[in-house]
1. Ranked highest first by average number of other Cβ atoms within 10 Å, how do 24-30, 282-288 line up?
2. Setting aside same-chain residues fewer than 8 positions from K19, which aspartates and glutamates have a Cα under 17 Å from its Cα?
3. Based only on other Cβ atoms within 10 Å, what is the fewest-to-most ordering of D184, D398?
4. Tell me, in nm to one decimal, what length is gained between A166 and T311 on full extension, where the rule is 0.36 nm per residue of separation less the Cα-Cα distance?
5. Per-residue HN-Hα couplings for segment 247-255, Karplus 6.51 cos²θ - 1.76 cosθ + 1.60 at θ = phi - 60°, whole Hz, x for Gly and Pro?
6. Identify all lysines with a Cα-Cα distance to K218 below 22 Å; exclude those on the same chain that are fewer than 8 residues away in sequence.
7. What is the distance, in nm, between label points placed 7 Å from the Cα along the Cα-to-Cβ direction at V439 and at S419?
8. Could you order peptides 35-42, 55-62 by the average number of other Cβ atoms within 10 Å of their residues, highest first?
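No value in this document is a laboratory result; all are computed from the given coordinates. Bear in mind that the values here come from a model prediction, so they are computed numbers and not experimental data. Here the Cβ is made from the backbone with ideal geometry for all residues, glycine too, and neighbour counts use every protein chain on show.
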Amino acid sequence: MQKEIPSIPEILSYLKIEKLNDMQLAAVEAGGKENDLILLSDTGSGKTLAFLLPILQSLDIDSRKTQALIIVPSRELALQIEKVFKAMGTGFKIACCYGGHLRETEENNLLQAPALIVGTPGRLADHLRRKNIHPEAITTLVLDEFDKSLESGFEEEMSFVIGSLAALKKRILTSATEAPEIPDFVGLKEDAVLLQFLSGEKSPALAIQMVKSNDKDKLETLFRLICLLGNRSSIIFCNHRESVERTSTLLSEKGIYNVFYHGAMEQQERDSALCKFRNGTSNFLVTTDLAARGLDIPHIRYIIHYHLPNTEEVFTHRNGRTARMEASGTAILIIGPEETLPPYIDHPVEAIQLPEISVLPEKPKWTTLFIAAGKKDKVNKVDIVGFLTKKGQLKKEDIGLIEVKDFLSFAAIRKSKASHTLQSIKNERIKNKKVKIEVAK
């Protein structure tokens with residue numbers, strides 16, 4: 001481990017961030033005091049860094065024990081926090097624990113106690129019961145998006161995890177909505193500091209529009225809308241898993257290449273879908289509200305509410321996927337013949353008129369390769385780029401986003417080069433090992 005913790009300016013340079021915003025500055029100041037902290041701030045405002053910096057300031061560089069724990073409602077949020085912390089270049093070890101991940105892999109990661117652990121309530125409770133996590137030196141607890149954890153019925157597991165932290169000195173709770181009542185088991189101190197940075201307004205960069213569907217089944221309207229919008233990155237929200245798969249299938253049959261994502265999918269299927277959406281292999285993601293929080297996908301242009309959100313909170317979180325970090329975005333509601341605009345939209349909304357003739361969007365220029373090797377096989381992005389350029393005969397500009405997981409990787413390459421590349425590498429080895437490589441399913 002390095003001898004000194006990097007300064008905030010050094011960390012910001014690693015993250016390619018010019019300066020902290022007002023909310024982050026206030027969180028860092030409050031985080032350095034003994035009081036517990038409740039941080040309320042809009043989606044996309046940078047709350048992850050706002051609690052990671054105070055955690056970092058509290059860590060003892062000479063300790064070989066776990067000192068901080070972050071509880072999150074979803075695996076995607078856990079992975080995003082892990083990614084940010086690693087990019088901060090602190091020298092401290094972080095471990096990520098969540099359902100759907102191999103427990104054996106996590107147990108190995110926990111053998112040498114990480115300074116920081118991030119995970120979902122159920123998996124963290126499981127590791128505590130198995131004594132894979134040793135909580136006696138954990139002094140800082142973060143409940144990120146804590147309202148969502150409570151909403152999702154994690155109270156019993158959260159109560160067990162928090163009750164296991166006898167040395168706890170500081171709690172940091174974050175939310176992108178007005179906080180619900182905080183249960184007693186959280187143990188929040190009476191002098192807790194509340195930082196209220198919720199704007200109470202929709203992002204000025206977010207435009208809200210609507211389109212009317214003559215049919216209760218809105219699919220034809222959705223298809224024509226996508227044809228009008230073109231191939232800009234878009235998330236289509238449905239209220240149910242079955243609707244997600246049906247909508248995705250019917251769009252595919254109409255020639256709209258898309259991927260879908262929901263909570264009943266296997267982890268590898270989720271990873272593949274999100275990677276294809278991130279890297280431009282697909283410009284359309286059909287999903288449930290699982291994707292409304294925690295996903296780190298930049299440059300989303302449109303949010304399409306295929307099904308109307310059940311609450312204003314859900315509407316806010318869905319829309320929070322776009323118009324982030326000064327970028328603009330548009331949320332579009334599809335209104336069926338028996339539906340009206342939700343009452344919380346209390347201002348005029350522009351209605352979109354769909355053209356009679358629909359022209360299919362331009363097809364993506366990228367495809368995604370699945371590579372059956374990852375971090376645990378000592379394979380990294382540099383290895384994959386080298387392999388694809390030397391053995392696959394690709395130029396650097398033919399290679400897009402590469403994501404390396406524990407035991408598998410995904411690499412975007414030019415679709416026009418995919419057939420030749422697969423033929424060139426079919427008998428080749430990565431790091432002297434024969435590895436299965438194919439177009440990602």
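1. Working: 24-30: 19.7, 282-288: 25.4.
Highest to lowest by the protection proxy: 282-288, 24-30.
2. E10, E29, E326
3. Details: D184 8, D398 18.
Fewest-to-most Cβ neighbours within 10 Å comes out as D184, D398.
4. Details: separation 145, 0.36 × 145 = 52.20 nm, distance 3.76 nm.
Once the chain is fully extended between A166 and T311, it gains 48.4 nm.
5. 4, 4, 5, 5, 5, 4, 5, 8, x
6. Within the straight-line cut-off, K218 pairs with K254.
7. About 1.0 nm, to one decimal.
8. Details: 35-42: 21.5, 55-62: 15.0.
Result, highest mean Cβ count within 10 Å first: 35-42, 55-62.
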